[in-house]
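**Q** I'd like to ask you about the structure that follows.
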Amino acid sequence: MENILLNSVECCLKSHNLISDCYFAPHPQQADLVAWIELSEEGIQLFREKGRKAVIEQLKTCLLEQKGELVIPKLWHFTDKLPRDNQSNIDARMFEKICLTDIVDPIWRDKKQQDEQLFLKGKVPIDLTFFKGHFANFPLVPGVVELQWVNDQITEFLGLEKTILRVDNLKFQKFLRPNDDMELNLKWQPEHNRVIFQLKVDNEMCSSGRIVFYDE
């Protein structure tokens, strides 16, 4: 009976204009219903403009009108693509991970090293944990988080963790938003013990600077 009910809820929401696909299941460690939502282009746009709360409210209203309060999920997770296999099933381990792990890192998809430079391409996750707090109504990546992402990649690039002395010429020029495709360029200058970085979206600079490290 529970599977029939969950399938009914999924079918109800799949017809919503904000949704391309969805998956409902009990939380792996709690007695709560979880909704894992693949947003449509319209859904992503609403998320970017007004935040996750606005999206959830619309979906809750739809369920309340058609199914009643008993089937409204307590927990919501969002993505641009649900990871279904060839049989359209969701891997239970991936569902458990999305329920139990905060998303704090970007999705890095391509890395290319050339001499003393590293070129990366990635995407900002829609459900990044930092969107749930101070930027709930206009989600954007905080500058300090951008710097952390840059430093994480520097550590991997250089093969060791270096202590930052200072950040020179630091500029934030454009907001980094949910589902943005981004490019990160790192240039290591060992003679100055520093890395020059540039983070771009659509060839427009989001942030840039020179990270100088302590001599060791």
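**Q** Considering only the stretch 11-25, state which residues are without any contact (Cβ under 8 Å) to a residue 12 or more places away in the chain and either not basic (K, R) or not in a helix (DSSP H, G or I) (or both).
**A** In the first step, residues of the stretch 11-25 are kept if they are without any contact (Cβ under 8 Å) to a residue 12 or more places away in the chain; the result is 11, 14-15.
Correct list: C11, S15.
Table: residues versus (1) in contact (Cβ under 8 Å) with a residue 12 or more places away in the chain; (2) open to solvent by less than 60 Å² (accessible area, probe 1.4 Å).
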site	(1), (2)
N86	no, no
G122	yes, yes
P139	yes, yes
N151	yes, yes
L165	yes, no
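**Q** Also: Report yes if some residue within the stretch 144-161 is over 22 Å from F47 (Cα atoms), in contact with a helix residue (DSSP H, G or I) (Cβ under 9 Å, 6 or more places away or on another chain) and in a strand (DSSP E or B); otherwise report no.
**A** The answer is no; no qualifying residue exists.
**Q** Here's another thing I want to ask about it. So if I check each of A35, A54, which one is of a type in the set (G, A, S) and open to solvent by 20 Å² or more (accessible area, probe 1.4 Å)?
**A** Answer to the check: A54.
**Q** Do you know which residues across the stretch 172-210 are of a type in the set (A, V, I, L, M), assigned to a strand (DSSP E or B) and either open to solvent by 90 Å² or more (accessible area, probe 1.4 Å) or touching a residue at least 40 places away in the same chain (Cβ under 8 Å) (or both)?
**A** M182, L184, L186, V195, L199
**Q** Please find, within the stretch 73-84, the residue that is nearest to I37 (Cα to Cα) out of those that are modelled with pLDDT of 90 or more and open to solvent by less than 20 Å² (accessible area, probe 1.4 Å).
**A** Here the residue is F78.
**Q** Now for a separate question. Among (1) open to solvent by 40 Å² or more (accessible area, probe 1.4 Å); (2) more than 30 Å from I56 (Cβ to Cβ), where does K132 come up short?
**A** Among (1) open to solvent by 40 Å² or more (accessible area, probe 1.4 Å); (2) more than 30 Å from I56 (Cβ to Cβ), the lone unmet condition for K132 is (2).
**Q** From the list L18, L70, pick out the single residue that is more than 17 Å from the chain's Cα centre (by Cα), more than 17 Å from P125 (Cβ to Cβ) and either surrounded by fewer than 18 Cβ atoms within 10 Å (Cβ to Cβ) or at pLDDT below 95 (or both).
**A** Only one candidate passes the filter, namely L70.
**Q** List pairs: first residue in the stretch 43-55 and touching a residue at least 12 places away in the same chain (Cβ under 8 Å) and under 10 Å from P178 (Cα atoms), second residue aliphatic (A, V, I, L, M) and buried (at least 20 other Cβ atoms within 10 Å of the Cβ) anywhere in the structure, Cβ distance under 7 angstrom, at least six positions apart or on different chains.
**A** I44/I126; F47/L39; F47/V55; F47/I126
**Q** Taking the stretch 43-99 as the search range and keeping residues that are touching a strand residue (DSSP E or B) at 6+ places or on another chain (Cβ under 8 Å) and of a type in the set (K, R), which one is farthest from F138 (Cα to Cα)?
**A** Within the stretch 43-99, the match that is farthest from F138 (Cα to Cα) is R84.
**Q** I need a count of the residues in the stretch 20-54 that are in contact with a helix residue (DSSP H, G or I) (Cβ under 7 Å, 6 or more places away or on another chain), hydrophobic (A, V, I, L, M, F, W, C) and closer than 13 Å to P73 by Cβ.
**A** Matching residues across the stretch 20-54 total 5.
**Q** Between a first residue in the stretch 101-117 that is in contact (Cβ under 8 Å) with a residue 24 or more places away in the chain and a second residue that is open to solvent by 70 Å² or more (accessible area, probe 1.4 Å), which pairs have beta carbons less than 6 Å apart while being 6 or more apart in sequence or on different chains?
**A** Matching pairs, first to second residue: Q117/K187.
The values are calculated or read from the model by the stated rules, or taken from the named source; none is laboratory data. Remember, it's a predicted structure, so these values are computed and weren't measured experimentally. Note that we place each Cβ from the backbone using ideal geometry, even for glycine, and neighbour counts take in every protein chain shown. Ligands, DNA and RNA are stripped out before the accessible areas are found, and what is left, the full protein with its side chains, is counted by its heavy atoms. Shrake-Rupley method; radii C 1.70, N 1.55, O 1.52, S 1.80 Å.
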